[in-house]
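> Before anything else, here's the structure in question.
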Amino acid sequence: MAKEIYVKKARIIGTGSYLPEKVLNNFDLEKMVDTTNDWILARTGIEERRIAADNESTSDLATKAAQRALEMAGVTPEEIDLIVMGTITGDYPWPATACIVQNNLGAKNAYAYDLSAACSGFVYALSSASDFLLAGRGKKALVIGAETLSRIVDWTDRNTCVLFGDGAGAVVLEAQEGESGILSCHMHSDGSYLDLLYQPGFGSKNPVSVQGIEDRSSFLKMQGNEVFKVAVRSLTEVSHEALKANDIKVKDLSLFIPHQANRRILEATAKRLKLQDEQCYINVNKYGNTSGATIPVAMDEAYRQGLLKEGGLVLLSAFGGGFTWGSVLLRW
Ligand code: UT7
């Protein structure tokens, strides 16, 4: 009998996530800004979000998520060759938070770097790590999406503060022969949308200043309804792009795990893609938008709930500041 020859693919062999203990619900927010539980639920689908403790930073969240992924994979920290972390809320402006995580884990054989692609950070990181492994630059990689957005949000701005939360998710990736693994990655950027979603302060353009903190101009800014429209369009297009490139029909997808920004964005995207409810994983109600962490957290939950079965086709699609957007299609 002819032996099937498989091309090597980067395969996820373990997932992990960590959400801080502190819960901030919509009723708590009613006491902080001029908003209501009804408005937040109706416009976003978010019920509550997690907030990092004062003594917790992004590297702490990321380390815990990574430890859980390593444990599931049965891989020791020393076996990891590469750590790529999607984040826009690192512990420090520099060095890379991935290096802090590397030290926390004892992953002494890994080289580590951060990748800045906002809410698309995890899919960008997954795509990069996959390419590195397939190029022979290592055998096993840790890919992390981790954020403490609570540290860059303006807690007096009802337009934005109700949307975001803190969290971390991680996967262990290994280059393997076989049917399972990453089938395609499609990444895109368009820098012309800068003003719709960004953090104006604390960088080289507008360095740290008392004024920037007092008048809140340094914190996260977003023109929500403009972002909304581009998000639905981009998530739909990049998802179609992945399916077409792999000659796969929407009905063949086991699970669609999109970036969790707003339930209305997810439902509008799912409708355009003609996905059934059970094909679409949604947990934005519990954690809000945790930027680069939403997809790996959702993937870890879905896997631990038994929703990801070997051989199933899984599509990850993300959209975020930059603008950046991208998809990863994989066979579990
Ligand atoms: O991860 C990617 C990045 N972000 C996103 O994907 C977010 C994309 N955008 C969104 O999710 C939605 O646009 C929002 C949830 C941010 C806003 O929903 P919307 O339906 O687009 O509302 P809007 O911005 O058009 O505002 C409608 C009204 C405004 O009042 P007026 O001008 O009509 O009187 C806002 O001031 O709702 C008001 N509003 C609020 N009211 C109560 C805005 N935020 C709040 C609030 N509570 N928290």
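The values are calculated or read from the model by the stated rules, or taken from the named source; none is laboratory data. This structure is a prediction, so every number in the text was calculated from the model and none was measured. Cβ placement follows ideal geometry from the backbone for every residue including glycine, while neighbour counts extend to all protein chains displayed. All accessible areas refer to the heavy atoms of the entire protein, side chains included, with ligands and DNA or RNA removed. Shrake-Rupley method; radii C 1.70, N 1.55, O 1.52, S 1.80 Å.
> For region 226-255, which positions are of a type in the set (Gly, Ala, Ser) and open to solvent by 10 Å² or more (accessible area, probe 1.4 Å)?
Scanning region 226-255 gives ALA245, SER254.
> Can you tell me which of (1) in contact with a strand residue (DSSP E or B) (Cβ under 8 Å, 6 or more places away or on another chain); (2) of a type in the set (Phe, Trp, Tyr); (3) more than 11 Å from the ligand (Cβ to nearest atom) is the one PHE219 doesn't meet?
(1)
> Among (1) within 23 Å of the chain's Cα centre (by Cα); (2) free of Cβ contacts under 8 Å to residues at least 24 places away in the same chain, which single condition is PRO258 missing?
Of the numbered conditions (1) within 23 Å of the chain's Cα centre (by Cα); (2) free of Cβ contacts under 8 Å to residues at least 24 places away in the same chain, the odd one out for PRO258 is (2).
> Based on what the data block shows, is THR15 within 22 Å of the chain's Cα centre (by Cα), in a strand (DSSP E or B) and modelled with pLDDT of 95 or more?
Details: within 22 Å of the chain's Cα centre (by Cα): yes; in a strand (DSSP E or B): yes; modelled with pLDDT of 95 or more: yes.
Yes; evaluated as a whole, the condition is true for this residue.
> Every residue in region 222-233 that is near the ligand (Cβ under 10 Å from one of its atoms) and not in a loop (DSSP other than H, G, I, E, B), please.
Matches in region 222-233: MET222, GLY224, ASN225, GLU226, VAL227, PHE228, LYS229, VAL230, ALA231, VAL232.
> Which residue pairs have Cβ atoms closer than 7 Å, lie 6 or more positions apart in sequence or on different chains, and pair a first residue in region 184-208 that is more than 14 Å from MET222 (Cα to Cα) with a second residue that is of a type in the set (Asp, Glu) and away from the ligand (no atom under 16 Å from the Cβ)?
HIS186/GLU241
> To continue, here is another question. Tell me whether region 234-248 contains one or more residues that are among the aliphatic types (A, V, I, L, M) and near the ligand (Cβ under 10 Å from one of its atoms). Give the steps one after another, and end with the answer.
So the first thing to find is which residues in region 234-248 are among the aliphatic types (A, V, I, L, M), and the list is 235, 238, 242-243, 245, 248.
This time we only want the ones that are near the ligand (Cβ under 10 Å from one of its atoms), so: 235.
Yes: one or more hits.
> Do the conditions hold for GLY212, that is, is it open to solvent by less than 60 Å² (accessible area, probe 1.4 Å) and outside any helix (DSSP H, G or I)? So that I can check it myself, show each step before the final result.
Working: open to solvent by less than 60 Å² (accessible area, probe 1.4 Å): yes; outside any helix (DSSP H, G or I): no.
It is false that GLY212 is open to solvent by less than 60 Å² (accessible area, probe 1.4 Å) and outside any helix (DSSP H, G or I).
> Of the residues VAL230, VAL284, which is in contact (Cβ under 8 Å) with a residue 60 or more places away in the chain and out of contact with any helix residue (DSSP H, G or I) (no Cβ under 6 Å at 6 or more places or on another chain)? If you could, list the steps in order and put the result at the bottom.
Values: VAL284 fails: out of contact with any helix residue (DSSP H, G or I) (no Cβ under 6 Å at 6 or more places or on another chain).
Being in contact (Cβ under 8 Å) with a residue 60 or more places away in the chain and out of contact with any helix residue (DSSP H, G or I) (no Cβ under 6 Å at 6 or more places or on another chain) holds for just one of VAL230, VAL284, which is VAL230.
> Further question on the same structure: If the requirement is being farther than 24 Å from GLU71 by Cα, in contact (Cβ under 8 Å) with a residue 40 or more places away in the chain and open to solvent by less than 30 Å² (accessible area, probe 1.4 Å), which of these qualifies: GLY326, GLY322, GLY312, GLY292? Steps first, please.
On the way: GLY322 fails: open to solvent by less than 30 Å² (accessible area, probe 1.4 Å); GLY312 fails: farther than 24 Å from GLU71 by Cα; GLY292 fails: farther than 24 Å from GLU71 by Cα.
Unique residue meeting the criteria: GLY326.
> Something else now. Is it true that ARG264 is in contact (Cβ under 8 Å) with a residue 60 or more places away in the chain and either assigned to a helix (DSSP H, G or I) or within 16 Å of the ligand (Cβ to nearest atom) (or both)? Before the answer, list the steps.
On the way: in contact (Cβ under 8 Å) with a residue 60 or more places away in the chain: yes; either assigned to a helix (DSSP H, G or I) or within 16 Å of the ligand (Cβ to nearest atom) (or both): yes.
Criteria met by ARG264.
> From the set of residues in region 172-189 that are polar (S, T, N, Q) and assigned to a strand (DSSP E or B), which is most open to solvent (accessible area, probe 1.4 Å)? Before you say what the answer is, go through the steps one by one.
In the first step, residues of region 172-189 are kept if they are polar (S, T, N, Q); the result is 176, 180, 184, 189.
Retained after the next criterion (residues that are assigned to a strand (DSSP E or B)): 176, 184, 189.
On the way: GLN176: 45, SER184: 17, SER189: 83 Å².
Filtering region 172-189 for residues that are polar (S, T, N, Q) and assigned to a strand (DSSP E or B), the one most open to solvent (accessible area, probe 1.4 Å) comes out as SER189.
> Let me ask you something else. Out of curiosity, is LEU266 surrounded by fewer than 23 Cβ atoms within 10 Å (Cβ to Cβ) and either closer than 26 Å to ARG331 by Cβ or modelled with pLDDT of 95 or more (or both)?
Details: surrounded by fewer than 23 Cβ atoms within 10 Å (Cβ to Cβ): no; either closer than 26 Å to ARG331 by Cβ or modelled with pLDDT of 95 or more (or both): yes.
In short, no.
> Right, next: Which of (1) crowded, with 24+ Cβ neighbours inside 10 Å; (2) within 16 Å of the ligand (Cβ to nearest atom); (3) among the aliphatic types (A, V, I, L, M) does LEU142 not meet, given it meets every other one?
With respect to (1) crowded, with 24+ Cβ neighbours inside 10 Å; (2) within 16 Å of the ligand (Cβ to nearest atom); (3) among the aliphatic types (A, V, I, L, M), LEU142 is out only on (2).
> Just give me the residues in region 19-54 being open to solvent by less than 60 Å² (accessible area, probe 1.4 Å), in a loop (DSSP other than H, G, I, E, B) and within 13 Å of the ligand (Cβ to nearest atom), in sequence order.
Once the filter is applied, which keeps residues that are open to solvent by less than 60 Å² (accessible area, probe 1.4 Å), in a loop (DSSP other than H, G, I, E, B) and within 13 Å of the ligand (Cβ to nearest atom), region 19-54 yields VAL33, THR35, GLY45, ILE46.
> Now, a different point. Please go through region 150-171 and pick out each residue that is closer than 21 Å to ASP34 by Cβ and either in a helix (DSSP H, G or I) or away from the ligand (no atom under 15 Å from the Cβ) (or both).
Passing the criteria: SER150, ARG158, ASN159, THR160, CYS161.
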